[in-house]
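See below for the structure under consideration.
Coordinate-derived values only; no laboratory data. Only a predicted model underlies this, so the values are computations on that prediction, with no experimental measurement involved. Cβ placement follows ideal geometry from the backbone for every residue including glycine, while neighbour counts extend to all protein chains displayed.
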Amino acid sequence: MPMSIALAGKPNSGKSTFFKSATLADIEIANYPFTTIDANHGIGYVRTECPCTDLDARCTNCRNGIRFVPIDLIDVAGLVPDAYLGRGLGNAFLDNLRQAQAIIHVVDASGGTDIEGNPVNPGEHDPVGDIEFLEREFALWLSSILSRNWNRLSKKIHAENLKAEVVIAEQLAGAGISILQAKTALFHFNETCTTPLHKWEDSDVRDFADLLRRESKPMIIAANKADIAPEENIRRLCELGYTVIPTSAEAELALRMADRSGAISYLPGDSSFEIISKDLTGAQTQALDKIQDMIGTMGGTGIQRCINAAVFDLLDQIVAYPVEDESKFADKKGNILPDAFLMRRGSTAHDLAYQVHTDIGEGFLHAVDARRKMRMGRELEDRDVVKIVSTR
């Protein structure tokens, strides 16, 4: 299954435009709250340099040496205050978030929408408040689940000397919390809180839930509408401790659609494009020139940077390329570098074998570094091309 990244944010922040620009999915986009009722799922891509650029073989799966590896993007319903109590589409929002490994929080950096997504004058709303309320809603959601049986569970952990992380993960299984995430959050919590777990008060449970949020759903900020945002807003967002990437989802969508129509040649993530159509109107050319000036200043629209940062930086992923014929870097049919898999840094070739197919993982014997034609006895590295030898 592909990795899942959630696009979160209040209504009318540009979240659905971000989603459409990254996936070219046919969804409704409008200037009012709750355009997104049910979560939209689409295929987005991380961008990476294809290994074929330095091999004696060129694949047909990249574009100008750039490989796009698929991930699942989830455009969840817009969040409003007190979502954890079920207000607005809160329950659906939080339920959809649990499916994701990381969150891209799309924020209206221009300050042109209030806390519930209603249009206001640009600069009238402080976007920092949007970050704080998403943190609050998510932590309160986890806290409300954990608190349901906390007195009984905490006393049981203490009395029976159970592993707290196991019990907590079981209680929060529906929220997508793993044992490792619960264990890590407990470790960090105990660095500052010396209160025994069975004596935690409600405030302790909420603080622990916030640590769980950070551990289970790492987040970056897409400072959207950056082209019209006051510089002060971007600066203040950057002070919150998150990775903040200025974006313009509208510009990215315009470029993706123009590339699809043949008007321009554009690769997501580039900071420029080439007009190739001779049939553009003066207004179209002028609009494209304006976008070119903007992305030249910003270094791109920021959309691809957000996706790459979520996958490669937050989730510490690399890309590995399994092949069947290491001499030609191909499968049995001669297709060069036919597949690309996202793997967590530190993974082994055996882990990659299981990603390819469970049977291949179970029959794994060894792996060969296709570049060096040598058996692998190390962890996978980014852009590794790997021949897997299996009994199956």
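Details
- Sites matching trypsin sites (Lys or Arg not before Pro) across the stretch 96-177 that sit in DSSP coil, with at most 13 neighbouring C-beta atoms within 10 Å: R148, K163
- Normalised by the number of residues in the chain, the mean separation of alpha-carbon contacts (under 8 Å, six or more apart) gives a relative contact order of 16 percent.
- For K156 and H366, a Förster radius of 56 Å and the Cβ-Cβ distance give a FRET efficiency of 0.75, rounded to the nearest 0.05.
- Share antiparallel - DSSP beta bridges, the chain, percent rounded to 5: 55
- Alpha carbon centroid spacing (whole Å) that separates the stretch 226-286 from the stretch 129-143: 30
- Extension gain, C193 back to D313 (0.36 nm per residue minus Cα-Cα distance, nm): 40.3 nm
- Each residue in V107, V323, V244, V368 was given a count of other beta-carbon atoms within 10 angstrom of its own, and listing them fewest first yields V368, V323, V244, V107.
- Distance violations [Cα-Cα > 22 Å] among K217/K387; K15/K225; K156/K183; K333/K387; K15/K183; K156/K217: K217/K387; K15/K183; K156/K217
- Here each label is just a point 7 Å from Cα along the line to Cβ, and for E132 and A287 those points are 3.9 nm apart.
- Residues in the stretch 122-133 carry Karplus couplings, in order, of x, x, 7, 10, 8, x, 4, x, 5, 5, 4, 6 Hz; the curve used is 6.51 cos²θ - 1.76 cosθ + 1.60 with θ = phi - 60°, and Gly or Pro positions show x.
- Convex hull of the stretch 139-215 built on C-alpha atoms - directionally averaged projected area, nm²: 4.3
- Whole-Hz ³J(HN,Hα) from phi, Karplus 6.51 cos²θ - 1.76 cosθ + 1.60, for the stretch 192-200, glycine and proline x: 10, 10, 9, 5, x, 4, 6, 10, 4
- Note on the chain: dipole from Cβ charges, positive end direction compared against A353, L280, G262; the farthest Cα belongs to A353.
- Karplus-derived HN-Hα couplings along the stretch 283-288 (A = 6.51, B = -1.76, C = 1.60, θ = phi - 60°), whole Hz, x at Gly and Pro: 5, 5, 4, 5, 5, 5
- The distance linking the stretch 154-183 with the stretch 319-385 is 36 Å (Cα centroid to Cα centroid, whole angstrom).
- Counting beta carbons within 10 Å around each of C62, C306, C193 and listing the fewest first gives the order C193, C62, C306.
- Proximity of backbone amide H atoms, modeled 1.01 Å from N, is registered between R371 and V385 at under 5 Å, excluding neighbours fewer than 5 places apart on the same chain.
- The value obtained for the stretch 317-390, namely the Cα convex hull volume divided by the number of residues, is 74 Å³ per residue.
- Antiparallel content of DSSP bridges confined to the stretch 317-390, in %, to 5: 75
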